[in-house]
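The numbers here are math on the coordinates, done by the rules we state, and not lab data. Remember, it's a predicted structure, so these values are computed and weren't measured experimentally. Every residue, glycine as well, gets a Cβ built from its backbone with ideal geometry; the counts of neighbours run over all protein chains shown.
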Amino acid sequence: MTTSQEELLPATRRALLHRIAVAQSEGRAPSLAAAVVRGGRSVWHGSRTCEDGPAPDENMQYRIGSITKTFTAVLVLRLRDEGLVDLGDPLEKHLPGTGVGEATIAELLAHTGGLAAESPAPWWERTPGSLRPRLRDVLGEQPFVHPVGRRFHYSNPGYSLLGALVEEVRGASWEEVLSREVLEPLGLHRTGVRPQAPYADGWAVHPWADVLLPEPAEDLGRMASAGQLWSTTGDLARFAAFLVRGDDRVLSAGSLLEMRTPAAPPEPADVATGYAYCLGLEIRRSDGRLLLGHTGSLPGFLACLTFSVEDDVAAVVLANCTSGPLMSEAAADLVRIVAEAEPRIPEPWRPLREVDPSVLELAGQWYWGTRGFALRLTTDGLVSLEPLSGPGRRSRFRADGDGTWTGLEGYYAGELLRAVRRPDGAVSHLDVGSFVFTRRPYDEGSPVPGGVDPEGWRGIG
């Protein structure tokens with residue numbers, strides 16, 4: 001990924017700088033650094049600092065806290081893609097003896113494994129990891145606080161278990177596997193489990209006075225896979241580009257799409273904000289825009305990485321204070337500023353290079369009962385089915401190679417679409433997950449469930 005500061009208009013760059021300046025000033029952060037990615041490339045970097053001299057650049061390390069979980073999730077999805085684990089496997093199958101092995105890998109990724117939010121006292125973020133040398137020390141005597149699989153409950157120990165899973169299956173430390181399989185291929189040379197100069201010191205800012213207190217920077221030990229990493233705006237910009245586009249050396253675009261799909265039911269308080277959790281990624285709605293990514297915090301540090309797939313814009317914001325700037329709001333605003341000031345220019349429309357006549361004849365208008373739908377062929381080789389007007393069930397379908405198509409989203413995700421033909425070869429109807437779509441409303445010549453009244457359509461009187 002190359003860097004080009006000139007790609008954004010001067011007014012856009014100033015608006016971005018103004019937004020982080022407000023975040024640093026009002027949030028009273030000793031320093032704050034940010035980056036914006038568009039089209040898979042870093043296009044802007046900005047920073048503010050309370051100190052005299054140069055402000056942090058894109059190579060200044062900060063702790064990124066729970067953004068680490070996204071890296072761990074990528075490692076687990078790699079295991080799945082290689083056939084070494086299945087997301088539906090109970091943890092016990094691969095990591096026996098934890099006492100919580102009934103939770104599945106997917107449930108741990110989505111924080112629905114029923115585990116406690118934190119490890120037993122003392123607070124793991126401000127104490128050495130040597131106090132918790134074994135998984136049983138991380139989990140405690142009562143690791144479950146909810147039934148397995150029933151609700152979303154954010155769990156740091158759950159991601160400690162996933163790190164241990166990676167170690168067990170790979171036969172190497174989580175740190176080694178992460179470096180070899182993610183950091184090196186993506187060129188994230190300034191990301192790691194320990195700080196390397198230049199790096200920011202972590203501070204607590206007094207809530208009622210403009211004074212500072214240094215925060216300890218502990219090695220988290222067994223909890224490393226939940227929040228250990230240090231990184232930079234430059235490296236996280238590259239990581240954000242990867243999360244949008246994929247990289248077959250690390251994880252395919254298809255597996256990243258799976259990571260970006262909500263996997264946990266939102267809590268009632270989150271429904272109004274549109275927040276949900278995926279597989280190592282958070283998803284939320286902001287100003288009508290769907291944003292994915294992850295926040296992070298450790299004593300002395302705050303972090304946020306967020307991106308909009310539709311706008312193809314991502315933002316990273318890092319600060320070295322325990323509390324202060326509202327990082328998710330600042331990052332969302334950086335995405336919004338670019339997306340609104342310089343909207344994404346769509347790719348040129350291009351026709352299909354070739355088309356199967358038996359598929360082309362399916363294009364056009366169909367009816368489910370009396371509701372009109374359109375089936376379209378698109379240049380990406382998919383077919384889409386959507387209402388002719390208003391809201392309703394819509395989905396794209398991928399060809400299976402045997403005359404059927406599989407739904408990719410919405411109500412029809414995973415459901416089959418097939419064209420049912422009469423003995424003479426003419427299309428009778430579409431079967432979409434058992435629903436019959438006909439060329440005319442309640443077509444008497446098609447097998448409409450329940451049949452069609454033989455007297456046909458009529459008036460009242």
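In terms of packing, defined here as the mean over residues of other Cβ atoms within 10 angstrom, the peptides 359-365, 344-350, 334-340 line up highest first as 334-340, 359-365, 344-350.
Multiplying the residue separation of residue 434 and residue 448 by 0.36 nm and removing their Cα-Cα distance gives an extension gain of 4.0 nm.
Annotation for residue 141 and residue 285: the two label points, set 7 Å from Cα along the Cα-Cβ direction, are 4.5 nm apart.
Label sites at residue 457 and residue 380, each approximated as a point 7 angstrom past Cα along Cα to Cβ, lie 3.5 nm apart. Net length available on complete extension from residue 151 to residue 117 is 11.0 nm, with 0.36 nm assigned per residue and the Cα-Cα distance removed. Between segment 180-254 and segment 255-305, the alpha-carbon centres lie 18 Å apart.
Projected onto their three principal axes, the Cα atoms of segment 355-398 cover extents of 29, 17, 13 Å, largest first. Coupling constants for segment 201-216 follow from the phi torsions by the Karplus curve (6.51 cos²θ - 1.76 cosθ + 1.60, θ = phi - 60°), and in residue order they are 7, x, 10, 9, 9, 4, x, 10, 8, 7, 9, 10, 9, x, 9, x Hz; glycine and proline get x. Taking 0.36 nm per residue of separation and subtracting the Cα-Cα distance, full extension of the segment from residue 408 to residue 57 would add 122.2 nm. Per residue, the average separation of C-alpha pairs within less than 8 Å and at least 6 apart gives segment 357-437 a relative contact order of 17 percent.
I need the shape label for segment 115-220. Rule: rounded when a/c is under 1.5, else prolate if a/b > b/c, else oblate, with a, b, c from the alpha carbon gyration tensor. The shape class here is oblate. Can you compute log10 of I(q)/I(0) for segment 191-284 with the Debye formula, treating each Cα as one identical point scatterer, at q = 0.10, 0.14, 0.15, 0.24 Å⁻¹? Here log10 of I(q) over I(0) equals -0.45, -0.83, -0.92, -1.15. In summary, segment 357-437 shows an alpha-carbon radius of gyration equal to 1.01 times the 2.2 N^0.38 Å reference for compact globular proteins. Given labels modelled 7 Å from the Cα in the Cβ direction, how far is it in nm from residue 253 to residue 213? Label at residue 253, label at residue 213, 5.0 nm between them.
Dimensions of the chain along the principal axes, based on C-alpha atoms and rounded to the nearest Å, stand at 84, 58, 47, largest first. If you wrap the tightest convex hull around every Cα atom of segment 229-341 and split its volume per residue, you get 114 Å³. Shape analysis of segment 71-143 based on the Cα gyration tensor places the equivalent ellipsoid semi-axes at 24, 14, 11 Å, largest first. Calculated [222 nm] ellipticity per residue, helices only, for the chain: -7000 deg cm²/dmol; basis is -39500 (n - 2.57) per DSSP H run with n ≥ 4, divided by all residues, nearest 500. Of the Cα atoms belonging to segment 269-404, the radius of gyration and Dmax stand at 20.7, 63 Å. Placing one identical point scatterer on every Cα of segment 1-153 and ignoring solvent, what is log10 I(q)/I(0) from the Debye formula at q = 0.13 Å⁻¹? Debye output, listed in q order: -0.86.
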